[in-house]
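Below: one structure, written as structure tokens.
The values are calculated or read from the model by the stated rules, or taken from the named source; none is laboratory data. The model shown is predicted, which means the values in this text are computed figures rather than measured ones. Every residue, glycine among them, receives a Cβ derived from its backbone with ideal geometry; neighbour counts consider all protein chains shown. Each accessible area value is taken on the protein alone, full model and side chains, heavy atoms only, with ligands, DNA and RNA left out. Shrake-Rupley method; radii C 1.70, N 1.55, O 1.52, S 1.80 Å.
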Amino acid sequence: MLIAVSMVCAVLAAASNSLGSVMQRRAALIVPQSDRFRIGLMWDLLRTPIWVLGIGGVIFAALFQGAALATGPLAVVQPVFLLELPFTLFVAGIAFHRPIPRATWLSVGSIVVSLCVGMFAAAPNGGTLQAPASLWTAVIPCCLGVIAMLCTIASSRRVGPSRAAYMGLATAVGYALTAALMKSATDTLSREGI
């Protein structure tokens, strides 16, 4: 029963995060443009209802992800978040009034089907609820180092697909680390309380 709750929460997290991402992107196109970050940008964004909706989507995504990880194993829950990609394309198509090409949908469908086949073949069944501190002290610096390296490579590239790919990889590593830490935190919360 808990795995069903976990899956529903994971799907809701993916949908919420996709809504948040698209709304934040839409808001970024509305506020005054600048070549660099400026403090006034935050004020401009806070006064933009679409951006506030986007932040709400991200907050709900984090809550749903926490609930999913609290009720299900990381190895089962985390791959469900891949559904964020088709959700994002769907919402972006509506928000930006642009149809998504069929080839894009076929590519996304191939990714989702491949993930499902891989999950079925691997048949993950959980693992330990807590990693030892010695493992965290090795994993966290490695992940942060990989993220820094990918961002450095990305910043040396021109704006375009190559730069986006490196930033996407850095984001994926960050999301994976966040999910692992969140799983550990939700386990600690359920056993020891706040």
Just one of the numbered conditions (1) in contact with a helix residue (DSSP H, G or I) (Cβ under 7 Å, 6 or more places away or on another chain); (2) open to solvent by less than 30 Å² (accessible area, probe 1.4 Å); (3) without any contact (Cβ under 8 Å) to a residue 12 or more places away in the chain is not true of PRO99; which one?
(2)
Would you please name the residue that is modelled with the highest pLDDT, looking only at residues in region 71-89 that are within 8 Å of SER6 (Cβ to Cβ) and in a helix (DSSP H, G or I)?
THR71
Could you list, in sequence order, all residues of region 147-194 that are of a type in the set (S, T, N, Q) and more than 17 Å from the chain's Cα centre (by Cα)?
THR152, SER155, SER156, SER162, SER184, THR186, THR188, SER190
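A quick yes/no check of all residues on (1) at pLDDT below 90; (2) open to solvent by less than 50 Å² (accessible area, probe 1.4 Å); (3) of a type outside the set (Lys, Arg):
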{"residue": "ARG26", "(1), (2), (3)": "yes, no, no"}
{"residue": "SER34", "(1), (2), (3)": "yes, no, yes"}
{"residue": "TRP51", "(1), (2), (3)": "yes, yes, yes"}
{"residue": "VAL117", "(1), (2), (3)": "yes, no, yes"}
Just one listed residue, out of ALA133, ALA123, is on the phi > 0 side of the Ramachandran plot, surrounded by fewer than 10 Cβ atoms within 10 Å (Cβ to Cβ) and either among the aliphatic types (A, V, I, L, M) or in contact (Cβ under 8 Å) with a residue 24 or more places away in the chain (or both), and it is ALA123
Can you tell me which residue among ALA154, ALA164 is free of Cβ contacts under 8 Å to residues at least 12 places away in the same chain and closer than 26 Å to ILE30 by Cβ?
ALA164
Mind counting the residues in region 143-169 that are closer than 24 Å to VAL76 by Cα and modelled with pLDDT under 95?
2
Looking at LEU19, LEU106, which one is surrounded by fewer than 16 Cβ atoms within 10 Å (Cβ to Cβ), at pLDDT 85 or above and either assigned to a helix (DSSP H, G or I) or not charged (D, E, K, R) (or both)?
LEU106
